[in-house]
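Below is one structure, written out as structure tokens, with a few remarks after it.
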Amino acid sequence: MADKQSTKPPGGTRDFLPDDVRRREYVIDVVRRVYERYGFEPLETPAFENIDTLLGKYGEEGNKLIFKILKRGEHEGTGEADLALRYDLTVPLARVVAQYQSELPKFFKRYQIQPVWRADRPARGRFREFYQCDIDSIGSTSALVEAETLSAVSEILLTLGFSDFVIRLNHRGVLSSLLDLAGVPSSKHAGALVALDKLDKVGRDGVAKEFAQRGIEDAAAAKALAYFVDRESVDVLGHTNDGVANLMAIMELVKGTRAHGHVRIDSSLARGLSYYTGAIMEIAVEGIGSLGGGGRYDNLIGMFLGRDVPACGFSLGLERIIVVMTERNMFPARVAGGGVDVMVTIWNDESRADALALAAELRNGGLRVDVYPEADKLGKQFKYASSRNVPCVAIVGDDERAQGLVAIKDMQSGEQTAHRREEVAGAVARKLELRT
RNA sequence: GUGGGCGUAGCUCAGCGGUAGAGCGCCGGACUGUGGCUCCGGAAGUCGCGGGUUCGAACCCCGUCGCCCACCCCA
């Protein structure tokens, strides 16, 4: 035997066991279907990029969190890196848009569901490898794009069974206008936004304290707090402000979409990423953090292309959605339960072929069928089925065989019924139907 | 990166100087045509790793690695 090694996956990464994968695929399937119904097309990009593609796109803090890949060969010892793991899905998209501009439609809408990596310190609910589900619309500055984005995201949440969500909406232009108006120098805008972003975590006093730590004068800080925390932004700026006008336009368009009633303008929403230029949005669910966020970034693609191309996107945090849905029991029985609808028992060695034939018939009926792999005490076979959460067990014993019947036991109620061979699949299907 | 806590059976943890424990899970039996409940039995740990103190270390000391919590940042 080799020495005992740690069998845990690296910190911040996870193995997905069958029950986990079933949940993930259910959510991904809903996400994909909705996005496609909104006209978004699939895109996949490599797990790693040239490091220069990523550096400088996520702010100073972001640079540190990029997973770098050492140069191979003789450079390996120097710590030099030329490649890096994908940090999000937006920057790779920007690269793709710049690279294939002639092949892509004028208005390019894509969705992308892939893992991203961050060299972060793992913490509760935070991983170094996690999935993002992104949609982005390239090529238009119209507020209609934001409205459609908000609608698609809302439709996903509604389909998954969320009803208590609010999408907070704000605008980078509004934020900077207000900071200007409060007298915060533009060199301190970024810091002020970071502080502001923590409002719901540290409260008004906490933000005030951090304003002070970041060297923002008392008078300016007090004004800023009044504008943001006390939500007077629209009144202060008036409808002639570009940002405010844009938010109003989005809110008007949202009325006709699935997002109606779920979007709320919130002047304290800041969001960390530095590349946003216009509207910014974030999903808030009662009692939990963000389930995703997004916004408009009209300059990012220009960093690759040399001329600006407008863009707006949204990223759903798959992991958090799954955590919340699991906590709240929001998965359908077929997903939350086991991966098998019915298990066929083996009566004895002579009847094995017949058990396989029965399994084939049940499978033809659209059922997920497992066959116990060997003849064993019936009690053990039932115990196994029970431990795997299999809802129905099929038995063809000597008595059943003599009458041309199959016995089906409902593992939940304990009730057992006999059915003619050709009716078994239908009977099991009806039982499962009642369950959900 | 800074501060604090914890590493003992597959899992959750007790023991805190004198030969390694419990609960849950697992395996077997009571029950050779029926799981969940109950009872009985069993397997299972170089007590994270390395060094030191001691007659004796899971326990005390030093180092190291890993994990967790807070700060930071984010989905």
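Would you tally the residues in segment A:195-221 being at pLDDT 80 or above and either surrounded by 15 or more Cβ atoms within 10 Å (Cβ to Cβ) or not in a helix (DSSP H, G or I) (or both)?
Residues that pass the stated criteria total 12.
Sort out which residues of segment A:161-179 are part of a helix (DSSP H, G or I) and within 16 Å of RNA strand B (Cβ to nearest atom), and write them in order of number.
A:172, A:175
Could you grab me the full set of residues in segment A:331-363 that are surrounded by 18 or more Cβ atoms within 10 Å (Cβ to Cβ) and assigned to a loop (DSSP other than H, G, I, E, B)?
Matches in segment A:331-363: A:331, A:337, A:338, A:341, A:345, A:346, A:347.
Being out of contact with any helix residue (DSSP H, G or I) (no Cβ under 9 Å at 6 or more places or on another chain) and in the same structural domain as residue A:31 (by TED's automatic domain parsing) narrows it down to one of A:106, A:188, so name that one.
Exactly one of A:106, A:188 is out of contact with any helix residue (DSSP H, G or I) (no Cβ under 9 Å at 6 or more places or on another chain) and in the same structural domain as residue A:31 (by TED's automatic domain parsing), namely A:106.
For segment A:269-284, name all the residues that are open to solvent by 10 Å² or more (accessible area, probe 1.4 Å) and part of a strand (DSSP E or B).
Listed by number, the residues that qualify are A:282, A:284.
Restricting to segment A:38-55, count the residues that are farther than 16 Å from residue A:99 by Cα and touching a residue at least 40 places away in the same chain (Cβ under 8 Å). Please lay out each step first, then the result.
Filtering segment A:38-55 down to residues farther than 16 Å from residue A:99 by Cα leaves A:38-42, A:47-48, A:51, A:55.
So of that shortlist, the ones also touching a residue at least 40 places away in the same chain (Cβ under 8 Å) come out as A:38-42, A:47.
Here the count works out to 6.
Here's the yes/no breakdown for (1) in contact (Cβ under 8 Å) with a residue 24 or more places away in the chain; (2) more than 30 Å from residue A:307 (Cβ to Cβ):
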{"position": "A:28", "(1), (2)": "yes, yes"}
{"position": "A:70", "(1), (2)": "no, yes"}
{"position": "A:81", "(1), (2)": "yes, no"}
{"position": "A:107", "(1), (2)": "yes, no"}
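Checking the conditions here, which among A:172, A:121, A:128 is under 18 Å from residue A:299 (Cβ atoms) and among the basic types (Lys, Arg)?
Exactly one of A:172, A:121, A:128 is under 18 Å from residue A:299 (Cβ atoms) and among the basic types (Lys, Arg), namely A:172.
Quick check: is even one residue across segment A:266-284 under 16 Å from residue A:200 (Cα atoms), within 16 Å of RNA strand B (Cβ to nearest atom) and at pLDDT below 80?
Yes, the conditions are met somewhere in segment A:266-284.
So residue A:238 fits all but one of (1) buried (at least 19 other Cβ atoms within 10 Å of the Cβ); (2) modelled with pLDDT under 95; what number is the exception?
Checking residue A:238 against (1) buried (at least 19 other Cβ atoms within 10 Å of the Cβ); (2) modelled with pLDDT under 95, the one that fails is (1).
Hey, residue A:316 hits all of (1) within 14 Å of residue A:132 (Cα to Cα); (2) out of contact with any helix residue (DSSP H, G or I) (no Cβ under 8 Å at 6 or more places or on another chain); (3) of a type in the set (A, V, I, L, M, F, W, C) but one; which does it fall short on?
Unmet for residue A:316, out of (1) within 14 Å of residue A:132 (Cα to Cα); (2) out of contact with any helix residue (DSSP H, G or I) (no Cβ under 8 Å at 6 or more places or on another chain); (3) of a type in the set (A, V, I, L, M, F, W, C): (2).
If the requirement is being open to solvent by 40 Å² or more (accessible area, probe 1.4 Å), modelled with pLDDT of 90 or more, in contact with a helix residue (DSSP H, G or I) (Cβ under 8 Å, 6 or more places away or on another chain) and not aromatic (Phe, Trp, Tyr), which of these qualifies: A:253, A:247? Give the derivation first.
Values: A:247 fails: open to solvent by 40 Å² or more (accessible area, probe 1.4 Å).
Testing whether each residue is open to solvent by 40 Å² or more (accessible area, probe 1.4 Å), modelled with pLDDT of 90 or more, in contact with a helix residue (DSSP H, G or I) (Cβ under 8 Å, 6 or more places away or on another chain) and not aromatic (Phe, Trp, Tyr) leaves just A:253.
For segment A:180-203, which residues satisfy the criterion of being touching a Leu at 6+ places or on another chain (Cβ under 8 Å) and more than 15 Å from RNA strand B (Cβ to nearest atom)?
Answer for segment A:180-203, where residues must be touching a Leu at 6+ places or on another chain (Cβ under 8 Å) and more than 15 Å from RNA strand B (Cβ to nearest atom): A:181, A:186.
Residues in segment A:289-302: is at least one within 15 Å of RNA strand B (Cβ to nearest atom), open to solvent by 20 Å² or more (accessible area, probe 1.4 Å) and under 16 Å from the mean Cα position of the chain (by Cα)?
Among the residues of segment A:289-302, at least one is within 15 Å of RNA strand B (Cβ to nearest atom), open to solvent by 20 Å² or more (accessible area, probe 1.4 Å) and under 16 Å from the mean Cα position of the chain (by Cα), which makes the answer yes.
The values are calculated or read from the model by the stated rules, or taken from the named source; none is laboratory data. Please read all numbers here as calculations on a predicted model, not as lab measurements. Heads up, the Cβs are rebuilt from the backbone with ideal geometry, glycines too, and the neighbour counts pull from every protein chain shown. Note: accessible area is taken over every heavy atom of the protein model, side chains too, but ligands, DNA and RNA are not part of it. Shrake-Rupley method; radii C 1.70, N 1.55, O 1.52, S 1.80 Å.
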